[in-house]
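The values are calculated or read from the model by the stated rules, or taken from the named source; none is laboratory data. From a predicted model like this one, the values you see are computed outputs, not experimental measurements. Neighbour counts are summed over all protein chains in view; Cβ atoms, including those assigned to glycine, are modelled from backbone coordinates with ideal geometry.
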Amino acid sequence: MSVEVLEILLGSKARARLMRFFILNPNKEYLFSEIVKKNLLKTNETRKELGAFKKVGFTKEKKKKNKKYYQINSKFSFYREIEKLIIKSDIFPQCKSLKKIKRIGNVKLALTSGVFSNNSKSKLDLLLVVDNVSRVKLKNLIAHLEAEIGKELRYMVINSDELVYRLNMLDRFLINLFKEPHNLLISRMPKVKQMIVRLKK
């Protein structure tokens, strides 16, 4: 099931995005402003969906120091069924925002793992090897990816010289990452790609 199908079934992109957000962050409470910002949604559509969620008991509200916080209601009647539907929608490998990676600078290598590979054991979701990176465009990219996925990304951004240096030093973190299930979205470093192939054998 694609994310488009999920949006159609649930009636809107905003509703699908917010349901995914709450399902994937079950133990966290969020202010209204945080929910709007993290999901890159409009204030009015977020307020409308949260009102509907509260009405049916999908989410609950708490007040702390005169501030209202929102959290998913794990006792909601169809919680498990919705959780399975959200997970099965499998948005991660097809995030549209991944196409924006090339815009952040001279990208030498882009590797996805962790949440993108349904690999819960991985310590990293996204590795970007970029020379002359634009911090503004990088921040925009991460914000859109996190909004699509519904949770915070664990990512690393380094330049090509640092990657080569760390690999020559047999950096255990990077070597383990290359051994784990992953997907190379961009690979413009032939020697590194050859090394990755050898590690996967």
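Among the residues of segment 176-194, write down those that are closer than 24 Å to Gly105 by Cα and out of contact with any strand residue (DSSP E or B) (no Cβ under 6 Å at 6 or more places or on another chain). Even if it seems obvious, please write down each step before you answer.
Step one: filter segment 176-194 for residues closer than 24 Å to Gly105 by Cα, giving 177-178, 182-194.
Correct list: Leu177, Phe178, Pro190, Lys191, Val192, Gln194.
State all residues of segment 130-163 that are β-branched (Val, Ile, Thr) and either in contact with an Asp or Glu (Cβ under 8 Å, 6 or more places away or on another chain) or assigned to a helix (DSSP H, G or I) (or both); if no residue qualifies, say none.
Val136, Ile142, Ile149
Could you list all residues from segment 83-101 that are among the hydrophobic types (A, V, I, L, M, F, W, C), outside any helix (DSSP H, G or I) and modelled with pLDDT under 70?
Answer for segment 83-101, where residues must be among the hydrophobic types (A, V, I, L, M, F, W, C), outside any helix (DSSP H, G or I) and modelled with pLDDT under 70: just Ile91.
One residue is enough: does segment 173-188 have a residue meeting the conditions closer than 30 Å to Pro26 by Cβ, modelled with pLDDT of 90 or more and not in a helix (DSSP H, G or I)?
Yes - at least one qualifying residue is present in segment 173-188.
Which residue pairs have Cβ atoms closer than 8 Å, lie 6 or more positions apart in sequence or on different chains, and pair a first residue in segment 127-143 that is in contact (Cβ under 8 Å) with a residue 60 or more places away in the chain with a second residue that is of a type in the set (A, V, I, L, M, F, W, C) and not in a strand (DSSP E or B)?
Once the first residue is in contact (Cβ under 8 Å) with a residue 60 or more places away in the chain and sits in segment 127-143, its partners that are of a type in the set (A, V, I, L, M, F, W, C) and not in a strand (DSSP E or B) give Val129/Leu163; Val129/Met189; Ala143/Leu40.
Can you tell me which of Lys38, Lys28, Lys55, Lys48 is in a helix (DSSP H, G or I) and within 21 Å of the chain's Cα centre (by Cα)? It would help to see each step written out before you state the result.
Numbers: Lys28 fails: in a helix (DSSP H, G or I); Lys55 fails: within 21 Å of the chain's Cα centre (by Cα); Lys48 fails: within 21 Å of the chain's Cα centre (by Cα).
Step by step, each of Lys38, Lys28, Lys55, Lys48 is checked, and only Lys38 is in a helix (DSSP H, G or I) and within 21 Å of the chain's Cα centre (by Cα).
Give the residue, chosen from Tyr79, Tyr70, Tyr30, that is outside the structural domain of Pro181 (by TED's automatic domain parsing), at pLDDT 90 or above and in contact with a Ser or Thr (Cβ under 6 Å, 6 or more places away or on another chain).
Tyr70
Restricting to segment 153-199, name every residue that is loosely packed, with under 14 Cβ neighbours inside 10 Å, farther than 27 Å from Lys100 by Cβ and of a type outside the set (A, V, I, L, M).
Within segment 153-199, Tyr165, Asn168, Arg172, Lys179, Gln194, Arg198 meet the criteria.
Just the residues that are within 15 Å of Phe178 (Cβ to Cβ), at pLDDT 90 or above and either surrounded by 15 or more Cβ atoms within 10 Å (Cβ to Cβ) or under 9 Å from the mean Cα position of the chain (by Cα) (or both), please, taken from segment 112-152.
Once the filter is applied, which keeps residues that are within 15 Å of Phe178 (Cβ to Cβ), at pLDDT 90 or above and either surrounded by 15 or more Cβ atoms within 10 Å (Cβ to Cβ) or under 9 Å from the mean Cα position of the chain (by Cα) (or both), segment 112-152 yields Thr112, Ser113, Leu124, Asp125, Leu126, Leu127, Leu128, Val129.
Picking from Arg166, Arg80, which residue would you name as being of a type outside the set (Asp, Glu), under 17 Å from Arg20 (Cα atoms) and assigned to a helix (DSSP H, G or I)? Working first, answer last.
Numbers: Arg166 fails: under 17 Å from Arg20 (Cα atoms).
Step by step, each of Arg166, Arg80 is checked, and only Arg80 is of a type outside the set (Asp, Glu), under 17 Å from Arg20 (Cα atoms) and assigned to a helix (DSSP H, G or I).
What residue, among those in segment 62-75 that are under 14 Å from Leu18 (Cβ atoms) and not polar (S, T, N, Q), is surrounded by the fewest Cβ atoms within 10 Å (Cβ to Cβ)? Give the derivation first.
Within segment 62-75, the first condition is being under 14 Å from Leu18 (Cβ atoms), and the residues that meet it are 70-73.
With the extra rule that they be not polar (S, T, N, Q), the set shrinks to 70, 72.
Values: Tyr70: 21, Ile72: 23.
Residue satisfying both the conditions and the ranking: Tyr70.
Kindly establish whether Ser33 is within 23 Å of Glu148 (Cα to Cα), free of Cβ contacts under 8 Å to residues at least 40 places away in the same chain and loosely packed, with under 13 Cβ neighbours inside 10 Å.
Against the criterion (within 23 Å of Glu148 (Cα to Cα), free of Cβ contacts under 8 Å to residues at least 40 places away in the same chain and loosely packed, with under 13 Cβ neighbours inside 10 Å), Ser33 qualifies.
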